[in-house]
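The values are calculated or read from the model by the stated rules, or taken from the named source; none is laboratory data. Since this is a predicted model, take the numbers as computed values, not measurements. Ideal geometry is used to build each Cβ from the backbone, glycine not excepted, and the neighbour counts take in all protein chains shown. The area values use the complete protein model at the heavy-atom level, side chains included, leaving out ligands, DNA and RNA. Shrake-Rupley method; radii C 1.70, N 1.55, O 1.52, S 1.80 Å.
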Amino acid sequence: MNPVEEKLYEIVGQELMSKTVKPGLWTKAFAVAQGDEQRTKATYIELRVAELRDELEAKIARQNETDSQRLQRENTLILQRFSAIPRLPYADTDHIPRESFRGHLNQLRCPISALRVAEVTGLLHFEVADLIKRGYIKGVFDGDDWFCDLEANA
């Protein structure tokens with residue numbers, strides 16, 4: 001077993017000891033093990049290690065991609081995320097203060113500026129801010145600009 005794989009098993013072992021298992025994954029393991037408690041635990045460990053391995057490989061791939069590849073991936077993600085939101089009639093949201101959304105980028109899993117979203121989607125900057133204010137997409141106002149979270153639902 002290589003050191004990375006050993007670390008993944010250690011993480012899962014710690015999750016089991018602290019009883020912080022992922023409920024959906026545990027249920028899947030239970031179904032696969034046909035209710036046998038020991039087999040459920042073993043199946044969960046294998047499923048969770050595989051999940052962590054996939055997350056690690058994806059993270060490494062993102063780190064290794066070129067700037068143009070990263071921009072293309074982000075553009076695709078932006079278009080997918082915003083095409084799922086219906087075109088809404090204009091609603092004046094100026095009465096909702098941006099201070100209600102004051103936050104920091106580290107509150108978002110995949111932050112992207114509202115200006116970038118507007119550039120890629122053809123929306124106006126204020127329309128992106130309105131989508132955040134109206135609860136269609138998660139976002140924060142960091143003091144300088146609006147930022148959306150491309151990986152979270154509002």
Identify, by number, the condition in (1) more than 16 Å from the chain's Cα centre (by Cα); (2) assigned to a helix (DSSP H, G or I); (3) closer than 28 Å to Val140 by Cα that Arg73 doesn't meet.
-> (1)
Residue that is modelled with the lowest pLDDT, among those in the range 99-154 that are over 21 Å from Thr76 (Cβ atoms) and basic (Lys, Arg) = Arg102
If the Cβ limit is 9 Å and pairs must be 6+ apart or interchain, which residue in the range 63-88 that is within 17 Å of Gly122 (Cα to Cα) and surrounded by fewer than 12 Cβ atoms within 10 Å (Cβ to Cβ) pairs with which residue that is modelled with pLDDT of 85 or more and of a type in the set (Lys, Arg)?
-> Leu88/Arg134
Select from the range 89-113 the residues that are of a type in the set (D, E, K, R) and assigned to a loop (DSSP other than H, G, I, E, B) and write down the one among them that is least open to solvent (accessible area, probe 1.4 Å).
-> Asp92
Subset of the range 114-129, residues within 18 Å of Asp144 (Cα to Cα) and either open to solvent by 20 Å² or more (accessible area, probe 1.4 Å) or assigned to a loop (DSSP other than H, G, I, E, B) (or both), comes to Leu115, Arg116, Glu119, Leu124, His125, Phe126, Glu127
Condition test on Asp54, is it surrounded by fewer than 11 Cβ atoms within 10 Å (Cβ to Cβ) and part of a loop (DSSP other than H, G, I, E, B)?
-> no
From (1) part of a helix (DSSP H, G or I); (2) more than 21 Å from the chain's Cα centre (by Cα); (3) not aliphatic (A, V, I, L, M), pick out the condition that doesn't hold for Arg48.
-> (2)
Within the range 132-148, can you find the residues that are open to solvent by 20 Å² or more (accessible area, probe 1.4 Å) and not in a loop (DSSP other than H, G, I, E, B)?
-> Lys133, Phe147
Hey, can you tell me all the residues within the range 17-29 that are touching a residue at least 12 places away in the same chain (Cβ under 8 Å) and farther than 17 Å from Arg53 by Cα?
-> Trp26, Lys28, Ala29
